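Here the structure comes first, spelled out in structure tokens, and everything after it is commentary.
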Amino acid sequence: MAGQARERWGSYAGFLFAAIGSAIGIGNIWRFPYLVGSNGGGTFLLTYLLVVFTFGLAFMVLELLIGRYYQTSIVSALASIRKRFRWVGILMVAVTFAILSYYMVVLGWILSFLVSYLMGQTLDYDAYFGSLYPLASFAAIAAVNYAVIRTGVRRGIERLSKYGVLLLIATIVPLAAVGMALPGAQDGLSFYLEPDALAVADPGVWAAAIGQAFFSLSIGMGVLVTYGSYLAEKRSLLSSSMVIIGVDTAVAFVAGLMVFSFVFSQGMDPAEGTTLAFRVMPAAFSSIDFGVALGALFFLLLLLAGVTSSVSMFQLPVSTLQDTLKMGREKAAAIIGVAAFLAGIPSALSYSSVGLDINGVAFFDMLDTFIGTYGIAVAAVAFSIVTLWFIDRNRLIEQANMYSRVRIPPWLVTVVKVALPVLIIATVATQVIGI
Ligand code: PHE
């Protein structure tokens, strides 16, 4: 249990900023808006709200409480429940590590676009991805992450997240306002929010909401177990989670207002993922007054959102090396930095002239589908079963309710025990069958 030297958050607010920083990421800006637009608009929004404030909330409280209770990171926490559950923890670390490797590749692209906007130019999509620049900027991002993590939880992650989150909110709100004032932005808002009542009955829509909840709230991988393990404050995990989820969702919503205003005001078609951020948005900016400045702000926003997320993923394998092998922080950070860089090289090369792919699917996309969707799901099911079924129910309730005014009733734990794994399995099944 609690080693004396365990790092701590500097303050409760610092912890909240770090968790919010982890939650708000690239996923909020290039994935959420499109999901809303293509899954029933306003109806999907309500579905998503319902999912995050029930399913997402339960999962988040569970992760944080495991970390706070065992005072250690995922592998050793699960090993304290039963020794053999260590493997579930190792699986979660592996999934997080894989995602970290390609998430940092994307951050490298973002950095390059930002730098070129700051120099007054728009990067050409094809020329850029055909070059080896993506590899160089990926290396720069890995180095930045390493530098933050080796500085420590309080001075590194917490400080970065505090400024990062505030600055990103200060960037996204005016950007959205400028976008919404453009002529034609109204069409974007209709695409984004036009409700489609039938969507509620579509299992694919629910699966999309659950999948997005995982990625956006940073749950299912053990990242929040790690963050919970640095928590000493006597605070309710339920209300902490409500704040984290509320801010994350609000930022995602505003991101949608921003993205679709710009895209539709320029008469362009919306898209999801890489193309949206690196092709569609730059093309939209190129035909607007002050487009270069707006482009710079947009990529600054993505960079801030992304780096505060990548450090949270980076910290997970680092804390594992610290807690299981008793390795020093700086050494662990160096090992993970180099390893994640090496692991990310195939992703960084997959859109380049090297064109690394497997059976015609870019390595990057394959990793994102298999690990980013199925990997998280498998890890999350295993984690929820191991914790909910093998820890004594009364102890779980006691931990969940600690310092909290709202009491979670015992029957709810029984519901959650069954509902969490079943819902995740159903989501994956829906995606595999392709409903
Ligand atoms: N939540 C981040 C996003 O929306 C991604 C992330 C997932 C970060 C899991 C940490 C852990 O982009």
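Of the residues making up region 212-235, just one is in a helix (DSSP H, G or I) and more than 15 Å from the ligand (Cβ to nearest atom), namely 229. Residues in region 254-279 that are part of a helix (DSSP H, G or I) and among the polar types (S, T, N, Q): 261, 265, 274, 275. Which one of these is open to solvent by less than 10 Å² (accessible area, probe 1.4 Å) and either within 12 Å of the ligand (Cβ to nearest atom) or under 16 Å from the mean Cα position of the chain (by Cα) (or both): 208, 252? Being open to solvent by less than 10 Å² (accessible area, probe 1.4 Å) and either within 12 Å of the ligand (Cβ to nearest atom) or under 16 Å from the mean Cα position of the chain (by Cα) (or both) holds for just one of 208, 252, which is 252. Within region 409-425, residues that are of a type in the set (D, E, K, R) sit with their Cβ atoms under 7 Å from residues that are surrounded by 12 or more Cβ atoms within 10 Å (Cβ to Cβ), at 6+ positions apart or across chains, in these pairs: 417/388; 417/389. Looking only at residues of region 280-290 that are assigned to a helix (DSSP H, G or I) and open to solvent by 10 Å² or more (accessible area, probe 1.4 Å), we find that the one that is farthest from the ligand (Cβ to nearest atom) is 286.
Looking at this structure, is residue 72 of a type outside the set (A, V, I, L, M), outside any helix (DSSP H, G or I) and farther than 30 Å from residue 381 by Cβ? No. For region 255-274, which positions are open to solvent by less than 20 Å² (accessible area, probe 1.4 Å) and on the phi > 0 side of the Ramachandran plot? Result: 273, single match.
The condition of being open to solvent by 20 Å² or more (accessible area, probe 1.4 Å) and among the β-branched types (Val, Ile, Thr) holds for only one of 311, 318, 361, that being 361.
Criterion applied to 425, 376 was being modelled with pLDDT of 90 or more, open to solvent by 70 Å² or more (accessible area, probe 1.4 Å), assigned to a helix (DSSP H, G or I) and closer than 30 Å to residue 106 by Cα, and the one residue passing it is 425.
Screening region 298-350 for residues that are modelled with pLDDT under 95 and small (Gly, Ala, Ser) and picking the one that is nearest to the ligand (Cβ to nearest atom) gives 347.
Considered as a group, the residues in region 236-249 that are under 16 Å from residue 50 (Cβ atoms) and either away from the ligand (no atom under 16 Å from the Cβ) or among the small types (Gly, Ala, Ser) (or both) include one that is surrounded by the most Cβ atoms within 10 Å (Cβ to Cβ), and that residue is 241. None of 102, 69, 48 is of a type in the set (Phe, Trp, Tyr) and either open to solvent by 40 Å² or more (accessible area, probe 1.4 Å) or on the phi > 0 side of the Ramachandran plot (or both) except 69. Only one of the numbered conditions (1) over 19 Å from the mean Cα position of the chain (by Cα); (2) open to solvent by less than 60 Å² (accessible area, probe 1.4 Å); (3) at pLDDT 85 or above is not met by residue 418, and that is (2).
The values are calculated or read from the model by the stated rules, or taken from the named source; none is laboratory data. Small disclaimer: the values here were computed from a predicted structure and weren't measured. Glycine gets a Cβ as well: all are built from the backbone with ideal geometry, and neighbour counts include every protein chain shown. To get the accessible areas, we keep the full protein, side chains included, count just its heavy atoms, and leave off ligands, DNA and RNA. Shrake-Rupley method; radii C 1.70, N 1.55, O 1.52, S 1.80 Å.
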